[in-house]
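A quick write-up on the structure given underneath.
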């Protein structure tokens, strides 16, 4: 397959980078998750919301043109100020609203989120999925960053961000709301099928599996899970997601040991048993490429634009 350079037209068709020609048509839907936690669904990544007497904490903020709609949806939940914004990773469908929201509250993220947003460069699976990342406006950069873990004590919740070293990207944070029994997974868990692993930005299939293997046993059986994209989920659905990644990785690894090339694996349809996971964004061949590049160490290089 020829390397695909993602254009604005291509981006507009992807759930991960969902954009709209007319943001005025986007409806922000409010879902009660559990406790004092809500989820906002619009265009881009799901927004987590913690609401209480102390104010509002949001996790991710979609796109700047939606900021007013998001604020209106928040006001419909509670007429309280936004106190903090937490980014789960650097992708624009999760951080695009940083600038307007940071006018009212500081944005918090992992160190690598700020670095990648500031630098610009390229992202992708080091194969058929590739896209340019523009340097962010300085006002959109997180002004509070952390290295491993961070806790916001607000609304009776110890809202904790935990760093995932190499999952969807190299700057992922999983956000826990322990009192409400909710976890926001960012794009380390999605419901659109095969996940997108941004290998060019330090993501890793093996790293994500390792992180989820460590996380899942620590979560309560009845925890409510906010995925990066898709409907509120259960621990059973996340276990199925992990099993799919483990099983497909094992198949590609075995074929590589047998000396098969990437093209041979695609032609042989070695992941035919997992076709139900294919999507418009990450189809089966793109997932084969992602695993192959992760196992072979064929990682893209995230370079700053000149």
Filter the range 282-299 for residues that are in a loop (DSSP other than H, G, I, E, B) and touching a residue at least 40 places away in the same chain (Cβ under 8 Å); the one that is farthest from residue 260 (Cα to Cα) is 282
Is at least one residue of the range 130-142 surrounded by 15 or more Cβ atoms within 10 Å (Cβ to Cβ), within 16 Å of residue 58 (Cα to Cα) and touching a strand residue (DSSP E or B) at 6+ places or on another chain (Cβ under 7 Å)? yes
Do you know which residues across the range 262-296 are more than 22 Å from the chain's Cα centre (by Cα) and modelled with pLDDT under 95? 296
Residues that are surrounded by 20 or more Cβ atoms within 10 Å (Cβ to Cβ) and out of contact with any strand residue (DSSP E or B) (no Cβ under 7 Å at 6 or more places or on another chain): which strands (runs of 3 or more DSSP E) entirely in the range 43-124 hold 1 or more of them? none
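The values are calculated or read from the model by the stated rules, or taken from the named source; none is laboratory data. Bear in mind that the values here come from a model prediction, so they are computed numbers and not experimental data. With ideal geometry, Cβ positions are generated from the backbone for all residues, glycine too; neighbour counts draw on all protein chains shown.
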